[in-house]
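Each remark here refers to the structure printed beneath this line.
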Amino acid sequence: MSLDKIKLFKILIVILPVIGIALPFWTLNFNAPMFGQKWLKVSVWGTGGVTGPLDQINIANHYVGLSPIEPQNMIEVKLLPIAFIISSVLLALMLFTNMNRRLLIIIYLIILLSLPAYFQYWLYNYGHNISSEAAIDIEPFTPLVMGSYQIANFKTTTYFDIGFWLMVIPLILALLVKRYAE
């Protein structure tokens, strides 16, 4: 590969997380008997927003004593775009400078791994903060940050969406470029 093509490829790698800001980061598909065969979809976006029929999900959650999901009060979601930008900066430093690459990789991995860990922590707290005055009594539960589960007759499937993977893939590509193209 010529030096110009390598440089363009490195630029593309650095830009990928920035593109991820405009895409869904994490998605929840939710079904309850009150929705029939219809599954509801909620996505957390790299822009720091949440889309989907939260009003309907909040109604269902109310019956089992879960707090309403209120994206406007979720500072951690609003900070998500910063993780994408920091990822791009770290990739640029990794690919275009002589800074300590191991340190940059460690920082990148800390950011990358802390996102799923924090989402799982948030879900744990959400499933364990149940009102005792709810119409339907359920035991505390821990939703999965990634996977399928069922609590009573509520079913969910969750996964990290394209925005998350646009943080993972560039790191892998950056490591490969540094190893094989230089």
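The values are calculated or read from the model by the stated rules, or taken from the named source; none is laboratory data. This is a predicted model, so every value here is computed, not measured. Ideal geometry is used to build each Cβ from the backbone, glycine not excepted, and the neighbour counts take in all protein chains shown.
Things to note:
- Subset of segment 1-21 [in contact (Cβ under 8 Å) with a residue 60 or more places away in the chain and either farther than 17 Å from LEU115 by Cα or part of a helix (DSSP H, G or I) (or both)]: MET1, ILE6, PHE9, LYS10, ILE13, VAL14, ILE15, LEU16, PRO17, VAL18, ILE19, GLY20
- Considering the conditions (1) over 22 Å from TRP165 (Cα atoms); (2) at pLDDT below 90, VAL77 is excluded by exactly one of them, (1).
- For segment 150-182, the set of residues classified as in contact with a Phe, Trp or Tyr (Cβ under 8 Å, 6 or more places away or on another chain), of a type in the set (Phe, Trp, Tyr) and either in a helix (DSSP H, G or I) or exposed (fewer than 15 other Cβ atoms within 10 Å of the Cβ) (or both) consists of PHE164 only.
- Of the residues in segment 109-131, at least one is over 27 Å from ILE57 (Cα atoms) and β-branched (Val, Ile, Thr).
- Cβ pairs under 7 Å, 6+ apart, first in segment 93-117 and more than 14 Å from VAL177 (Cα to Cα), second modelled with pLDDT under 95 and among the hydrophobic types (A, V, I, L, M, F, W, C): PRO116/VAL145
- Within segment 27-45, considering residues that are of a type outside the set (A, V, I, L, M, F, W, C) and in a strand (DSSP E or B), the one nearest to MET146 (Cα to Cα): THR27
- Total residues in segment 60-70, condition in contact (Cβ under 8 Å) with a residue 24 or more places away in the chain and of a type outside the set (Val, Ile, Thr): 6
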